[in-house]
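The values are calculated or read from the model by the stated rules, or taken from the named source; none is laboratory data. Treat the numbers as computed from the prediction; the structure is a model and nothing was measured. Don't worry about glycine lacking a Cβ; one is built from the backbone with ideal geometry, like all the others, and counts go over all protein chains shown.
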């Protein structure tokens with residue numbers, strides 16, 4: 001038999017050595033229960049040929065181990081993860097033992113990838129200390145899906161050739177050292193503590209931070225909110241800002257509700273306005289003009305009010321009917337609603353549509369002052385000289401719900417809940433929009449030029465605390481403190497492509513710390529989504545929220561409060577629990593277990609460093625790194641199938657051996673009501689919002705059709721308990737259509753105006 005030659009990474013050729021292959025597979029399986037090296041080798045079925053590369057052999061072994069991941073044999077996820085780790089080490093260091101940290105830094109500065117500032121911030125002695133502190137063995141405990149995401153998205157690499165220049169623990173240490181580089185007191189302690197927190201998965205970091213911090217690209221905000229005015233200068237500036245931020249890995253929220261309706265007069269009637277759709281298309285082109293740093297595609301959600309004169313056309317912009325001329329399918333849309341709109345729905349009344357340009361002050365009042373809005377709105381309805389259109393509220397809401405169900409990506413923003421339960425004083429800093437994923441609620445104002453600093457562009461940097469790693473409530477303190485310090489340092493370190501974003505961010509210093517591994521936490525505590533232990537959810541969320549706010553208050557003592565502190569409710573000692581919608585107390589009796597009063601006193605005296613601290617974001621990719629369940633969402637299966645640039649990935653829920661029967665999967669839920677109640681309890685402690693999804697499995701409904709009345713009931717329930725934003729609408733298999741016409745014959749949810757008001761309802765007192 002002719003000898004088979006293998007081509008090594010350095011170009012040399014040597015005879016195939018099966019013993020080496022066996023050693024690699026045995027290394028990957030060592031001390032892991034329920035796996036077999038021979039199974040991996042058999043599954044690989046490598047067809048050796050002369051000239052096969054070592055990379056091809058390794059990738060085949062990785063795929064073989066990954067293919068063996070099932071509910072019955074979940075531990076192959078660790079085998080596949082180790083095989084990737086071995087492969088990475090060989091690619092990056094040409095050996096299994098990693099290079100010294102200093103060599104990695106110098107090499108990657110020379111390649112143009114790392115920020116060279118790191119060498120001026122730390123002495124050789126300090127870098128040697130950090131090198132000795134790195135725990136490279138932690139790479140051995142990253143599961144298959146996490147390692148694939150690392151090499152696909154997060155590790156510094158040439159994205160054209162695929163050449164990778166670091167390994168996970170190096171990346172984690174570099175992120176920690178970069179973020180705390182400006183610290184002058186206990187710097188090394190903070191770097192090491194933060195490194196431990198992120199590499200042990202106590203804290204999860206988002207894609208822009210993971211992929212960007214330590215590199216020459218200094219833009220790490222996950223979310224950017226850009227508001228457009230009703231002028232060509234502002235629309236052009238908005239478009240320009242979108243391009244600048246999309247190219248640097250940010251997701252975009254666009255506030256476009258001010259733009260006047262079609263056929264509105266321009267220049268005293270010299271021309272008729274073309275309407276919103278051409279400008280929405282312009283924003284769409286800006287979003288899609290470039291990918292987010294080669295890491296993910298550009299994406300945006302555009303927000304507008306339900307009462308806009310063009311809303312009938314705006315609600316259908318994303319569906320697959322119509323033509324390209326009257327559709328804008330590559331944006332998501334957020335429809336803004338308030339109590340008055342719900343009142344009209346419940347009473348069987350009409351909603352009157354206006355062009356914002358025809359009713360001065362109406363658009364701003366929608367967010368700043370609900371009483372004033374109602375006065376202006378009803379006055380405009382009576383004014384016969386103002387162009388308007390009235391239509392049944394039920395028709396508008398039905399169209400909204402129909403499009404939300406059929407596209408999955410028409411979102412909802414309850415503007416009164418957002419502003420009344422906000423950390424900002426709405427008369428000084430109203431929130432007029434949200435972000436791509438509907439969890440960020442920050443003040444914005446339109447700009448006319450990206451360079452002159454007028455207006456306010458909002459940015460938010462994100463991270464999350466892993467609830468799966470918390471054993472007792474006191475365990476929240478350290479990761480919450482580190483999460484706040486790390487993100488706050490990031491705000492000073494990063495650059496800002498748009499001046500209005502820099503000025504706004506440094507004024508407010510907003511953060512958004514979320515939650516991952518919530519489904520695992522529920523399973524671990526023997527509860528679930530459909531019948532949740534809301535008392536337990538309330539107790540844990542209170543502690544998590546308290547420690548985040550306390551961390552920012554303590555940081556303010558050390559480094560000063562944010563310049564915009566006076567525009568926050570915090571300045572009056574009003575905390576998120578104080579501005580909650582009291583109806584949520586129907587779900588779980590309000591208690592203050594943490595020392596809130598002492599914290600209120602501290603904040604009134606010395607302030608908070610950050611105007612916002614919490615936001616519950618989707619955490620799909622970042623949760624995969626830590627092998628956690630996705631944010632606050634239920635898993636779709638015990639072994640989920642994920643898509644990536646490396647193909648199909650399998651992720652196993654944590655603790656599958658012990659908790660297999662404790663997890664409640666998404667499509668096993670007969671109704672989203674339990675989930676929505678959990679979201680209501682979480683929301684009461686959160687100063688921003690939650691990416692709340694509604695999910696329905698048609699098999700639980702007659703004729704496998706989801707009744708409009710059921711969806712309306714959940715919509716009203718969500719509003720009643722203080723819900724801010726609704727994100728995706730998930731349907732299991734897409735079966736069944738919604739009969740909109742049937743709405744007139746079906747009763748609405750058993751919700752009346754008294755319940756929506758809540759204050760006078762006896763049932764509010766538990």
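Would you confirm, using the coordinates I've provided, whether residue 69 is over 20 Å from residue 149 (Cβ atoms), touching a residue at least 60 places away in the same chain (Cβ under 8 Å) and surrounded by 15 or more Cβ atoms within 10 Å (Cβ to Cβ)? Criteria not met by residue 69. Which residue, of 25, 35, 40, 6, is in a loop (DSSP other than H, G, I, E, B), farther than 30 Å from residue 116 by Cα and without any contact (Cβ under 8 Å) to a residue 60 or more places away in the chain? Going through 25, 35, 40, 6 in turn, the sole match is 35. In the range 92-104, the qualifying residues are those that are in contact with a helix residue (DSSP H, G or I) (Cβ under 6 Å, 6 or more places away or on another chain) and either surrounded by fewer than 17 Cβ atoms within 10 Å (Cβ to Cβ) or assigned to a helix (DSSP H, G or I) (or both), and the one that is modelled with the lowest pLDDT is 96.
For residues in the range 227-245 being in contact with a strand residue (DSSP E or B) (Cβ under 6 Å, 6 or more places away or on another chain) and within 30 Å of residue 175 (Cα to Cα), which is surrounded by the fewest Cβ atoms within 10 Å (Cβ to Cβ)? Can you show your working first?
So the first thing to find is which residues in the range 227-245 are in contact with a strand residue (DSSP E or B) (Cβ under 6 Å, 6 or more places away or on another chain), and the list is 227, 238, 241-242, 245.
When the remaining residues are screened for being within 30 Å of residue 175 (Cα to Cα), the result is 241-242, 245.
On the way: 241: 25, 242: 27, 245: 28.
So the residue we want is 241.
Please work out if residue 91 is in contact with a strand residue (DSSP E or B) (Cβ under 8 Å, 6 or more places away or on another chain) and closer than 17 Å to residue 152 by Cα. Yes, satisfied. Scanning for something out of contact with any helix residue (DSSP H, G or I) (no Cβ under 6 Å at 6 or more places or on another chain) and within 23 Å of residue 23 (Cβ to Cβ), does the range 126-139 turn up at least one residue? Yes, that holds for at least one residue. The set of residues from the range 252-267 being more than 38 Å from the chain's Cα centre (by Cα) and farther than 22 Å from residue 353 by Cα comprises just one member, 267. Of the residues making up the range 507-537, those that are touching a residue at least 24 places away in the same chain (Cβ under 8 Å), in contact with a helix residue (DSSP H, G or I) (Cβ under 7 Å, 6 or more places away or on another chain) and surrounded by fewer than 22 Cβ atoms within 10 Å (Cβ to Cβ) are 524, 528, 530, 531, 532, 534.
Identify, please: which residue in the range 105-120 is buried (at least 17 other Cβ atoms within 10 Å of the Cβ) and farther than 12 Å from residue 166 by Cα and is, among those, farthest from the chain's Cα centre (by Cα)?
Let us first name the residues in the range 105-120 that are buried (at least 17 other Cβ atoms within 10 Å of the Cβ), namely 105, 108, 113-115, 118.
With the extra rule that they be farther than 12 Å from residue 166 by Cα, the set shrinks to 115, 118.
Values: 115: 26, 118: 29 Å.
Top of the filtered list is 118.
Scoring residue 299 on the criteria (1) in contact with a helix residue (DSSP H, G or I) (Cβ under 8 Å, 6 or more places away or on another chain); (2) within 24 Å of residue 390 (Cα to Cα); (3) in contact (Cβ under 8 Å) with a residue 60 or more places away in the chain leaves a single failure, condition (2). No other residue among 698, 635 is in contact (Cβ under 8 Å) with a residue 12 or more places away in the chain and more than 18 Å from the chain's Cα centre (by Cα) apart from 698.
Can we say residue 74 is under 30 Å from residue 131 (Cα atoms), in a loop (DSSP other than H, G, I, E, B) and touching a helix residue (DSSP H, G or I) at 6+ places or on another chain (Cβ under 7 Å)? So residue 74 fails the test. The residue list 633, 620 contains one member that is under 19 Å from residue 201 (Cα atoms), touching a strand residue (DSSP E or B) at 6+ places or on another chain (Cβ under 9 Å) and surrounded by fewer than 20 Cβ atoms within 10 Å (Cβ to Cβ), which is 620. Filtered by the rule that a residue be touching a helix residue (DSSP H, G or I) at 6+ places or on another chain (Cβ under 7 Å) and modelled with pLDDT under 95, the range 460-481 gives a lone residue, 461. All conditions but one from (1) on the phi < 0 side of the Ramachandran plot; (2) at pLDDT 95 or above; (3) surrounded by fewer than 22 Cβ atoms within 10 Å (Cβ to Cβ) apply to residue 615; the one that does not is (3). The set of residues from the range 138-171 being more than 16 Å from residue 621 (Cα to Cα) and part of a helix (DSSP H, G or I) comprises 138, 139, 140, 141, 169, 170, 171. The one condition from (1) farther than 20 Å from residue 625 by Cα; (2) at pLDDT 95 or above; (3) out of contact with any helix residue (DSSP H, G or I) (no Cβ under 7 Å at 6 or more places or on another chain) that residue 185 does not meet is (2).
Residue 165 fulfils the conditions (1) modelled with pLDDT of 95 or more; (2) more than 16 Å from residue 199 (Cβ to Cβ); (3) out of contact with any strand residue (DSSP E or B) (no Cβ under 8 Å at 6 or more places or on another chain) except for a single criterion, (3).
Scanning the range 188-214 for residues that are outside any helix (DSSP H, G or I) and either out of contact with any helix residue (DSSP H, G or I) (no Cβ under 9 Å at 6 or more places or on another chain) or at positive phi (or both) returns 201, 214.
Per-residue answers, yes or no, for (1) closer than 25 Å to residue 574 by Cα; (2) outside the structural domain of residue 371 (by TED's automatic domain parsing); (3) at pLDDT 95 or above; (4) surrounded by 24 or more Cβ atoms within 10 Å (Cβ to Cβ):
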residue	(1), (2), (3), (4)
426	yes, yes, yes, no
434	yes, yes, yes, yes
454	no, yes, no, no
483	yes, yes, yes, yes
